[in-house]
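Data block below; observations after.
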Amino acid sequence: MHSIIKVQDLGKTYDSGFTALNNISLEIKRGEIFALLGPNGAGKTTLISIICGIARATSGNVLADGFDIVLNYREAREKIGLVPQELTNDAFESVWSTVNFSRGLFGKAPDKAYIEKILRQLSLWDKRNAKMRELSGGMKRRVMIAKALSHEPDILFLDEPTAGVDVELRRDMWEMVRELRESGVTIILTTHYIEEAEEMADRIGVIRKGEIILVEEKSALMDKLGKKTLSIHLQCNLNAIPSELSAFNLTLDQEGSYLHFSYDSTESDRVAELLAQLNTLEIGIKDLNSSESSLEDIFVDLVKEA
Ligand SMILES: Nc1ncnc2c1ncn2[C@@H]1O[C@H](COP(=O)(O)OP(=O)(O)O)[C@@H](O)[C@H]1O
Ligand SMILES: [Mg+2]
């Protein structure tokens, strides 16, 4: 099966001289939900803007369903719908005319039945005559999606679809994205929320400082990332980790007053085992503290590994 998007050796240096993308190569499979995960400033929007033909690459090329985004711009662009990071709307237009107008921009013949279908799918049908300025933030976002889908693209890009959105709306958005995928659309979303990538994606690509540092199936990545740390503040300092505890992944801090236990989030019964062992060895505990790896830790880890 051939990839629906193929990015090859893509580079982008802005006029300021800043290199935002460095030799990016990436393939998106037809029908998948792909999450591009990375901190602010990593280059997510730059990458999406190039694929969607809004910005120009400095080097490399991109194929969208086999069409080169520069040489076959029209064909490539027709395959793609984009929901940009910044919401832009014409406040005085109705939902219905806004979405129909977007379709017209792609040179597609009007198709009221299709527009009705997507408005219904996005729960916007009742609002079709409302003016954009009358809509809530969540509804406006839905209209942005309807606009992006108006010309029947096979590929939908969502740039930070839930940044600054409340929890309920975020769930709605996730549900909507899943339904779109069911209808056969390939979805690429960018996010800096690891929970979002975890919730939504089939595969995850991590981007940092303009480089893709990893692309993996979500399940494999989550196994790798789902690390927890239990910090044990000891009553008496230790000189070394007792050999009886060698089966546990432990580190001792320099003063010997803290033991740090790293474990996989799937094996929490190991915590009880460790505490029982400490009890047997009569190692007293002052305090316990448990933490999960944050996105930042994960990036630090990944970069170290790379
Ligand atoms: N027009 C521009 N000119 C110069 N630098 C830019 C421009 N747009 C973005 N950048 C820089 O490129 C980097 C990547 O930005 P962006 O792609 O928006 O990241 P992300 O979407 O991951 O937050 C950032 O350091 C940003 O400041
Ligand atoms: Mg961005």
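Structure summary
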read-out: For region 178-253: Kirkwood Rh in Å [reciprocal of mean 1/r, alpha carbons]; value: 16.3
read-out: Length-normalised contact order for the chain - Cα pairs under 8 Å, 6+ apart - percent; value: 19
read-out: DSSP bridge pairs, the chain: antiparallel proportion in percent, nearest 5; value: 65
read-out: Computed log₁₀ I(q)/I(0) - Debye formula, equal Cα scatterers, no solvent, the chain, q 0.13 Å⁻¹; value: -0.93
read-out: Karplus (6.51, -1.76, 1.60) ³J(HN,Hα), θ = phi - 60°, over region 176-186, in Hz, Gly and Pro reported as x; value: 4, 4, 4, 5, 5, 4, 4, 7, x, 7, 7
read-out: Relative contact order, percent, region 56-177 [alpha-carbon distance under 8 Å, six or more residues apart]; value: 34
read-out: Carbon/sulfur fraction of accessible area - the chain, other protein chains in place, 1.4 Å, %; value: 47
read-out: Protection proxy ranking, peptides 41-48, 157-164, 268-275, 174-181, average beta carbon neighbours within 10 Å, highest first; value: 41-48, 157-164, 174-181, 268-275
read-out: Separation of the Ser262 and Thr280 label points, Cα + 7 Å toward Cβ, nm; value: 2.5
read-out: Listed residue pairs exceeding 25 Å between alpha carbons, taken from Lys29/Lys228; Lys140/Lys209; Lys228/Lys286; value: Lys29/Lys228; Lys140/Lys209
read-out: The chain, helix-only ellipticity at 222 nm - DSSP H runs n ≥ 4, -39,500 (n - 2.57), divided by all residues, nearest 500; value: -10000 deg cm²/dmol
read-out: Angle between the chain longest axis and helix 112-121 axis [Cα atoms, degrees, rounded to 10]; value: 20
read-out: Whole-Hz couplings from phi, Karplus 6.51/-1.76/1.60, listed for region 60-74; x for Gly and Pro; value: x, 8, 9, 10, 10, 6, x, 9, 5, 5, 9, 5, 10, 3, 4
read-out: Surface per residue (accessible, 1.4 Å probe) for the chain, Å²; value: 51
read-out: Members of Lys127/Lys218; Lys44/Lys79; Lys44/Lys147 lying beyond 25 Å, as alpha-carbon distances in this model show; value: Lys127/Lys218
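The values are calculated or read from the model by the stated rules, or taken from the named source; none is laboratory data. Owing to the predicted nature of the structure, the values given are computational and were not obtained by experimental measurement. For neighbour counting, all protein chains shown are included, and Cβ atoms are generated from backbone atoms with ideal geometry for every residue, glycine included. Only protein heavy atoms, including side chains, enter the accessible area calculation; ligands, DNA and RNA are left aside. Shrake-Rupley method; radii C 1.70, N 1.55, O 1.52, S 1.80 Å.
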